[in-house]
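Reading through the structure tokens given below for one structure.
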Amino acid sequence: MALIESFVKFLPILYLLITAGLIWELFIRKNPKNLIRPAVIIVLALEVIKAGLLVFGTYYLWSHNAVSKLLLPPHQKISYFISYVSYRFVLPFLFALGAALLFFFFAKIINRFFKERLFYADEPLFIFYGIIITGHPLWIFYIFLAVIAAILLYFSGLIFKKLKFGELFSLYYLWLVIAFLVLLFNKVILQIPLLHSLKF
């Protein structure tokens, strides 16, 4: 179980390193397209592995404890254990995945409506990636922060005459940066009462 705990604790650090690499590609080499898809696949695979390991580790701990083993078959139906681990470990991932898919396809659809002028081609994947690595419920703060950034950039663009009223602009260079910052300060952000209450 110690190995599983170490793996779970290491994942946010790994995600920060991967995101830092993507940001480097975005700002320095100007070519993150070749890396964002593999990064998405890697973090999805790691999240599935994490959930699986936590389920296995919980069963192992319960089965080796004199009290908690009474909550497992043959003392209890397996449905109790499944309900518990689903709520603790599976649902947070599914919520984040569902939100990531929703925003990914929403970005695709709205971009088509605006004739591909609202998002860059790989930008919906940035959003998807950001939601997955921040997870539930941090993805809510991630999207909220992106909206706030968009509003501030838009009005500052109008004030300094960099944008015309009604002109479209993109957060292409901010999605990964915002995700990095949310992940970096996740413990502080999770102290926000609303977000804390949404944790499983």
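Please enumerate the residues belonging to the range 50-78 that are exposed (fewer than 12 other Cβ atoms within 10 Å of the Cβ) and within 17 Å of GLU5 (Cβ to Cβ). The answer is HIS64, and nothing else. Residues that are modelled with pLDDT of 95 or more, crowded, with 19+ Cβ neighbours inside 10 Å and of a type in the set (Phe, Trp, Tyr) within the range 105-131 comprise PHE126, PHE128, TYR129, listed in sequence order. Evaluate the range 22-35: report whether one residue or more is assigned to a helix (DSSP H, G or I), loosely packed, with under 13 Cβ neighbours inside 10 Å and touching a residue at least 24 places away in the same chain (Cβ under 8 Å). Looking through the range 22-35, at least one residue is assigned to a helix (DSSP H, G or I), loosely packed, with under 13 Cβ neighbours inside 10 Å and touching a residue at least 24 places away in the same chain (Cβ under 8 Å).
Just for the range 136-151: of the residues that are over 14 Å from VAL177 (Cβ atoms) and exposed (fewer than 15 other Cβ atoms within 10 Å of the Cβ), which one is modelled with the lowest pLDDT? Once the filter is applied, the top-ranked residue is ILE151. For LEU171, the criteria (1) exposed (fewer than 15 other Cβ atoms within 10 Å of the Cβ); (2) more than 16 Å from the chain's Cα centre (by Cα) hold in every case but one, which is (1).
Okay, residues lined up against (1) hydroxyl-bearing (Ser, Thr, Tyr); (2) more than 24 Å from PRO12 (Cβ to Cβ):
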position: PHE104; (1), (2): no, no
position: ALA107; (1), (2): no, yes
position: ARG117; (1), (2): no, yes
position: PHE126; (1), (2): no, no
position: LEU152; (1), (2): no, yes
position: SER156; (1), (2): yes, yes
position: LEU168; (1), (2): no, yes
position: ILE192; (1), (2): no, no
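Among the residues of the range 152-168, those that are at pLDDT 85 or above and exposed (fewer than 14 other Cβ atoms within 10 Å of the Cβ) comprise LEU152, PHE155, SER156. Scanning the range 133-144 for residues that are touching a residue at least 40 places away in the same chain (Cβ under 8 Å) and either in a loop (DSSP other than H, G, I, E, B) or over 15 Å from LEU35 (Cβ atoms) (or both) yields THR134, GLY135, HIS136, PRO137, LEU138, TRP139, ILE140, PHE141, TYR142, ILE143.
Inspection of the range 78-88 identifies at least one residue that is in contact (Cβ under 8 Å) with a residue 12 or more places away in the chain, over 22 Å from PRO38 (Cα atoms), in a helix (DSSP H, G or I) and of a type in the set (D, E, K, R).
The values are calculated or read from the model by the stated rules, or taken from the named source; none is laboratory data. Fair warning: this is a prediction, and the values are worked out from it, not measured in the lab. Cβ atoms come from the backbone with ideal geometry, glycine included; neighbour counts cover every protein chain shown.
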